[in-house]
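Engineer: Before we start, here is the structure in question, set down as structure tokens.
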Amino acid sequence: MSEKYWVPAIERANSVLKEISQHPDELRLIDLSKKLEINKSSLFSLLNTLEILGWVVKTSSDTYNLGPTLGTFNSMYLSQFNLIQCFYREASKSVSKINEPIQLGVIDNKDVVYLGKVNAKTNVRLVTDPGMRFPAYASAIGKAQMIHFNKEELAKLFSDVDWDKKTIHTTSNLNELYDKVRMAKAKGYSVENEESALGFHCVAAPIYNFEHQIIASVSFSMPTDSWEVKFEAAKDEILNLASRLSRLAGYSGNTTQEGAQ
């Protein structure tokens, strides 16, 4: 939207709320004034208004926390949030940039369940459709959602799996899976090279919710000739898409840093 219609006071209020959310019970008026470079007189009026409206609360030590009104707004927003609807809207934008199909999936026990798919304007058609299941260990979407699992948790999850090999490249044991999950955690995204089908590759990123929990993941899939040309752009865009969906789900952190923790 044009800056002609920009309201600086709302921008300042947004900056104040963001700082308080990132440093609860730490910042006083003078601290916020220095951090945000807002003079104390203007900031006093702003904080007083936010306090009256219940957007912030002032503690006995003169520091600030977010207030109950924001909690109400958050609950109302999350009650109307629909991940699948948001996926179709946001993924379409990403597909138009890369021109490769994107899928949304969640882990259910040992499998990925696909929830959505946006096709690209190419002749490539994926064999998986919404509602279908696929072994989580053999998919980028699955590995992206396991980045916070330790080896013991992976061992428990896949204790009785037969490690069915879809291709000669499919992950075939716990140690191999753990190594790939650790790599995905370090990078913030996962890749899958011809594990589900020969000649096809995927790059996936996790989606977080307001509780900093992974709730799903999204992935680009493409044939080898496209992968060799588009990987970097697809990786950046899938991270961008996952970040947008995470924000819509109420997440307030950094998805890349989250994965690296």
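Engineer: Counting only trypsin sites (Lys or Arg not before Pro) that are in a DSSP loop and have at most 12 other C-beta atoms within 10 Å, tell me the longest site-free stretch of the chain.
Structural biologist: Between the exposed loop sites, the longest stretch runs 126-261.
Engineer: Under 13 Å from the Cβ of V229, count the other residues' Cβ atoms, weight Lys and Arg +1, Asp and Glu -1, and hand me the total.
Structural biologist: Working: positive: K230, K235; negative: E100, D225, E228, E232.
With Lys, Arg at +1 and Asp, Glu at -1, the neighbours total -2.
Engineer: May I have the extent of the alpha carbons of region 3-78 along their three principal axes, as whole Å values ordered from largest to smallest?
Structural biologist: 40, 34, 21
Engineer: For the chain, set up a GNM with springs between Cα atoms under 10 Å and report which of A138, A120, A233 has the largest fluctuation.
Structural biologist: Of the options given, A233 has the highest mean-square fluctuation.
Engineer: Whose amide H sits under 5 Å from the amide H of D111, counting only residues 5 or more places off or on another chain, with H placed in the peptide plane?
Structural biologist: Here A136 satisfy the definition.
Engineer: Answer with one residue from L104, A91, G54: the one whose Cα lies farthest towards the positive end of the charge dipole of the chain, charges on Cβ with Lys, Arg +1 and Asp, Glu -1.
Structural biologist: Ranked along the dipole, the leading option is G54.
Engineer: Considering only Cα-Cα distances, which of the following residue pairs are longer than 28 Å: K110/K235; K166/K235; K97/K151; K143/K230?
Structural biologist: Pairs exceeding 28 Å: K97/K151.
Engineer: Right, next: Considering lysine pairs in region 3-78 that are 8 or more places apart or on different chains, how many have Cα atoms under 17 Å apart?
Structural biologist: Step by step, the pairs that qualify in region 3-78 add up to 4.
Engineer: Hey, another quick one. Quick one: in the chain, what % of C-alpha pairs are over 25 Å apart?
Structural biologist: 53
No value in this document is a laboratory result; all are computed from the given coordinates. Note that the coordinates shown come from a computational prediction; the quantities given were computed from them, not determined experimentally. Counting neighbours? That spans all protein chains shown, and the Cβs are built from the backbone with ideal geometry, glycine included.
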